[in-house]
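Structure record follows, encoded as structure tokens.
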Amino acid sequence: MINNKAFRGLFGSLLLLACSSLLQAQQPTVLADTNRVQIVGAERLTLLKKDDSTSLQILAGQVQLQQGKTLFFCDSCVLNNDLQLFEAWGNVQIKDNDSINVFARHLRYIIDKKLAYLDGGVRLSDGKAQLTTPDLEYDLNTDMGIYKKGGRLVNKKTILTSKEGYYYASLKEVYFKNQVYLKDPGYEIKTDSLLYNTATQTNRFIAQTLIVDSSGRSIQTSDGFYSTSTGKAEFGKRPVIKDGPTTIVGDRVAFDDSSGTSQAAGNVIIIDTAQGTTLLAGEVFRDNKKERFLATKKPLLIIEQERDSIYVTADTIYSATTPELTTTSIKTPKKDSVVAVKDSTARFLEAFHHVRIFSDSLQAVCDSLYYSYKDSTYRLYTDPVIWSNGSQITGDTVLLFTKNKKPERLKVFENSMLVQEQEPGLYNQIASIRMDGFFSKGELDSVRALGQAKTIYYIQDEDSAYTGINESSSDIIDIYLLEKELDKIVLRNEVSGTLWPIGQKDPLLMRLPKFRWLENRRPKTRLEIIE
């Protein structure tokens, strides 16, 4: 008969022998049964049978388990294959698909569903970024991790935090949710939901988002993406971009910060408070480094003034700076020095084809326009027409000089002509080689016609009845306007002409050469200018 002490010794020897044989039999190779967890190694193993249906394997010391291609490491664990469950403690690590590593102090793992519940200083790394969180649910079937008690992801110099997160390890993407905050040396992001790719360092925006970069530029958007690695971004659903004095709004806006270029499309609005302008267009291309833009698809530029803003439209509007530098003196404690600085007025504006200009006091059309911010002059080319104070002025080229954004004077070159309609079919007319016009309070006040000047105008008595037609010529003719009507005409030097009684001439035949009445081309309202 074997006593109890001897029996326990014999049973212990057999158990150790069985455990030793079991541990030696396990090899760190890919196993055929990918659903079952196999023991690869441990310093100690204890078998514990709780009842006929449940047995436990208790492992301790450098424990290593394997399920398919996934390896598990820990200090100790309890394995229950009957319930398809194991629990691990201390220096827990899951190594999945070579690039995914998860670390924690505690793990509860459902074997058949391949679901891991980790807690205690959880860290997940995909080779590009590292996520830390108090608790993590990790699905090895889908390579997806979920945290709901706050997480922090670090990717190079980018730091992302949120209350909740869904980590798609195989895609290297994280869906951050609830109080999302991204901090990067180049920018900051605040939002409620954000998709982030750790491989491409690309942010995708799916909720109302505020982005502020290191230069102070802010972007409000609810759709789009931004890539830290390439500097490229695209935003939809009418983002609002504020860059210093400039605000940009459009259906879609794309940036390339590496080149400094951007494109805005769809009902674009660009407000520049420094220049006092608003640009509306279907599409706008901007180059911030060279400070230029190109606007197409019915662009409209509004030059703001206190009472009488100027509206300019064309097929295409282009603006840029000229490479002009000015010098300025800088005083230092030791000596004065002269440095070159950029001239802020060295900017120009060009408009091409079907150019139309409207303000309450002046309207104009032409085929092309050039405006210099330096001398505040509009240059109108190819069949320009200007209407002001009841007068129509035409010529081959017109220069319109402004001061404080208001018309001050104009010059008309070649085939110059001024026409005023007295009544339908009756026109006061003055033609010359050149004309100089002068404005008062934004309206045309007087005009001087120079070189081969000719005029036809109607004479009225005190009761405004027409009494005659004056047809004259002179080297110089001065015209003075009052309340949109011809007030006085003065002919100077080598004057010749005829005064016709009103009944002797047919008003329809009283036309100077190249006479044209172009009222149908005049933009009459702000709305009409963009039609």
For this session: Check whether at least one residue in segment 212-227 is outside any strand (DSSP E or B) and under 29 Å from T142 (Cα atoms), and report yes or no.
Result: yes
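Okay, residues lined up against (1) over 46 Å from the mean Cα position of the chain (by Cα); (2) within 23 Å of L518 (Cβ to Cβ); (3) at pLDDT 90 or above:
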residue	(1), (2), (3)
P407	no, yes, no
G425	yes, yes, no
R434	yes, yes, yes
F438	no, yes, yes
R448	yes, yes, yes
E462	yes, no, no
T467	yes, no, no
S474	yes, no, yes
Exercise. Just wondering, is there one or more residues in segment 423-434 that are surrounded by fewer than 17 Cβ atoms within 10 Å (Cβ to Cβ), aromatic (F, W, Y) and within 26 Å of L362 (Cα to Cα)?
Worked result: no
Problem set entry | Scope segment 379-401; condition in a strand (DSSP E or B), buried (at least 21 other Cβ atoms within 10 Å of the Cβ) and not aliphatic (A, V, I, L, M); matching residues | W387, S388, S391, Q392, T394
Exercise. If you scan segment 185-203, which residues turn out to be buried (at least 19 other Cβ atoms within 10 Å of the Cβ) and not in a loop (DSSP other than H, G, I, E, B)?
Worked result: Y187, I189, T191, L194, Y196, N197, N203
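Of all residues in segment 503-525, count the ones that are outside any loop (DSSP other than H, G, I, E, B) and either of a type in the set (D, E, K, R) or touching a Pro at 6+ places or on another chain (Cβ under 7 Å) (or both).
First, the residues of segment 503-525 that are outside any loop (DSSP other than H, G, I, E, B): 507-509, 519-521.
Then drop every residue that is not either of a type in the set (D, E, K, R) or touching a Pro at 6+ places or on another chain (Cβ under 7 Å) (or both), which leaves 519, 521.
Residues in segment 503-525 being outside any loop (DSSP other than H, G, I, E, B) and either of a type in the set (D, E, K, R) or touching a Pro at 6+ places or on another chain (Cβ under 7 Å) (or both): 2 in total.
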For this session: Select from segment 351-378 the residues that are of a type in the set (G, A, S) and not in a loop (DSSP other than H, G, I, E, B) and write down the one among them that is farthest from E304 (Cα to Cα).
Result: S368
Exercise. Taking segment 458-481, which residues are hydrophobic (A, V, I, L, M, F, W, C) and surrounded by fewer than 18 Cβ atoms within 10 Å (Cβ to Cβ)?
Worked result: I459, A465, I476
Exercise. From the list T246, T209, T191, T200, which residue is in contact (Cβ under 8 Å) with a residue 24 or more places away in the chain and under 25 Å from D126 (Cβ atoms)?
Worked result: T200
Seminar exercise, completed: Residue pairs within 6 Å by beta carbon, gap of at least six or interchain, first lying in segment 274-289 and charged (D, E, K, R), second not in a strand (DSSP E or B), listed first then second, are E283/K297; K289/G260
For this session: Filter segment 257-303 down to the residues that are more than 15 Å from I530 (Cα to Cα), out of contact with any Ser or Thr (no Cβ under 7 Å at 6 or more places or on another chain) and of a type in the set (D, E, K, R), then identify the one that is surrounded by the fewest Cβ atoms within 10 Å (Cβ to Cβ).
Result: K289
Seminar exercise, completed: Taking segment 100-132 and keeping residues more than 23 Å from L85 (Cα to Cα) and free of Cβ contacts under 8 Å to residues at least 60 places away in the same chain leaves S125, G127, Q130, L131, T132
For this session: Being outside any strand (DSSP E or B) and either in contact (Cβ under 8 Å) with a residue 60 or more places away in the chain or among the aliphatic types (A, V, I, L, M) (or both) is the filter here, so list the residues in segment 148-169 that pass it.
Result: A169
Problem set entry | Lone qualifier among T397, T402 - being at pLDDT 95 or above and either over 27 Å from R307 (Cα atoms) or not acidic (D, E) (or both) | T397
Seminar exercise, completed: The correct count of residues that are within 59 Å of the chain's Cα centre (by Cα) and either touching a residue at least 40 places away in the same chain (Cβ under 8 Å) or farther than 22 Å from L426 by Cβ (or both) in segment 493-531 is 23
Problem set entry | Residues (hydrophobic (A, V, I, L, M, F, W, C) and closer than 16 Å to Q392 by Cβ) located in segment 431-450 | A431, M435, F439, L444, V447, A449
For this session: Kindly indicate whether A431 is under 28 Å from A295 (Cα atoms) and among the small types (G, A, S).
Result: no
For this session: Could you tell me which numbered condition L140 fails, if it satisfies all but one of (1) farther than 20 Å from N203 by Cα; (2) at pLDDT 95 or above?
Result: (2)
Problem set entry | Number of the condition not met by F439 [criteria: (1) in the same structural domain as L509 (by TED's automatic domain parsing); (2) under 19 Å from R521 (Cα atoms); (3) touching a residue at least 12 places away in the same chain (Cβ under 8 Å)] | (2)
For this session: Need at least 1 residues that are at pLDDT 95 or above and crowded, with 16+ Cβ neighbours inside 10 Å per element, so show me which strands (runs of 3 or more DSSP E) inside segment 42-129 make the cut, counting only ones lying wholly within it.
Result: 55-67, 70-80, 85-96, 100-110, 115-125
Seminar exercise, completed: Considering segment 352-378, residues that are more than 23 Å from G437 (Cα to Cα) and in contact with a strand residue (DSSP E or B) (Cβ under 7 Å, 6 or more places away or on another chain), and then whichever is surrounded by the fewest Cβ atoms within 10 Å (Cβ to Cβ), we arrive at H353
For this session: Go through segment 164-184 and give me each residue that's out of contact with any Phe, Trp or Tyr (no Cβ under 7 Å at 6 or more places or on another chain), among the aliphatic types (A, V, I, L, M) and crowded, with 20+ Cβ neighbours inside 10 Å.
Result: A169, V180, L182
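The values are calculated or read from the model by the stated rules, or taken from the named source; none is laboratory data. Treat the numbers as computed from the prediction; the structure is a model and nothing was measured. In this analysis, Cβ positions are derived from the backbone assuming ideal geometry, glycine residues included, and neighbour counts consider all displayed protein chains.
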